[in-house]
Amino acid sequence: MKKLIIFIFSVVLLGSCAKKQKVVKFSLRTNLEPQYSTWSNPNPLPGEPLSGEYKNGYECVDFSYSYSSANSTSNASDQIQIGYSNYSNQFCNNTNLSYVETSDVSMYEGDNVSLSLTINRDEINQNGTYEVKAYVGNNEYIIWNNTYLSNNTNWIVP
């Protein structure tokens with residue numbers, strides 16, 4: 001009888017140590033606004049303006065993640081991009097969107113996820129900030145808040 005109780009206790013203890021599977025997705029939000037530059041024309045020809053404003057440059061933000069689960073053979077990766085471009089979207093996908101999300105993916109509690117935020121800009125001042133969040137079930141985790149620099153980090157699934 002004593003051996004049976006120890007066996008049952010061992011099975012219960014081992015079963016409670018199993019890592020739980022979680023549904024995870026990531027989001028990227030920006031407050032980036034289109035920028036305008038001013039120009040002047042010191043020697044205008046007749047009918048030409050002396051000065052004006054024009055849109056210029058681009059700023060594209062790529063967020064990506066990748067992981068391999070320690071609990072199974074599963075792995076996943078995804079990339080999302082937002083930004084602003086005045087060049088017919090040739091540099092940025094999802095141009096002029098302020099919010100995008102990755103697809104849902106199953107991960108295990110304790111999985112190590114590699115995260116990367118890459119910001120590319122040309123002829124634009126650093127006026128945009130970015131927020132990256134992870135959603136695990138009904139919980140929200142801020143990974144980067146109000147950043148304007150490229151970043152890399154590892155994140156552990158809670």
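Just so it is clear, none of the values below were taken in a lab; they were calculated from the coordinates. The structure displayed is predicted, hence computed values, not measured ones. Cβ: placed from backbone, ideal geometry, glycine included. Neighbour counts: every protein chain shown.
Miscellaneous remarks
- Estimated FRET transfer efficiency when R0 is 30 angstrom, pair Ser116-Lys19 (beta carbons, to 0.05): 0.75
- For Thr129 and Asn75, the difference between the fully extended length at 0.36 nm per residue and the C-alpha to C-alpha distance is 16.5 nm.
- Distance (nanometres) between label positions extended 7 Å along Cα→Cβ at Ser68 and Asn151: 2.6 nm
- Fewest-first ranking of Asp78, Asp104, using other Cβ atoms within 10 Å as the exposure measure: Asp104, Asp78
- Proxy reagent accessibility, fewest Cβ within 10 Å first, across Thr102, Thr153, Thr129: Thr153, Thr129, Thr102
- Under 5 Å from the amide H of Thr129 lie the amide H atoms of Asn31, Leu32, each residue being 5 or more positions distant or on a separate chain, with H modelled from the backbone and absent for Pro and chain starts.
- Built amide H within the under 5 Å cut-off of Gly110, gap 5+: Val157
- With a simple spin-label model that places each label point 7 Å from the Cα along the Cα-to-Cβ direction, the separation between Ile142 and Glu101 comes to 2.0 nm.
- Peptides 108-118, 136-146 ranked from most to least packed by the mean count of surrounding Cβ atoms within 10 Å: 108-118, 136-146.
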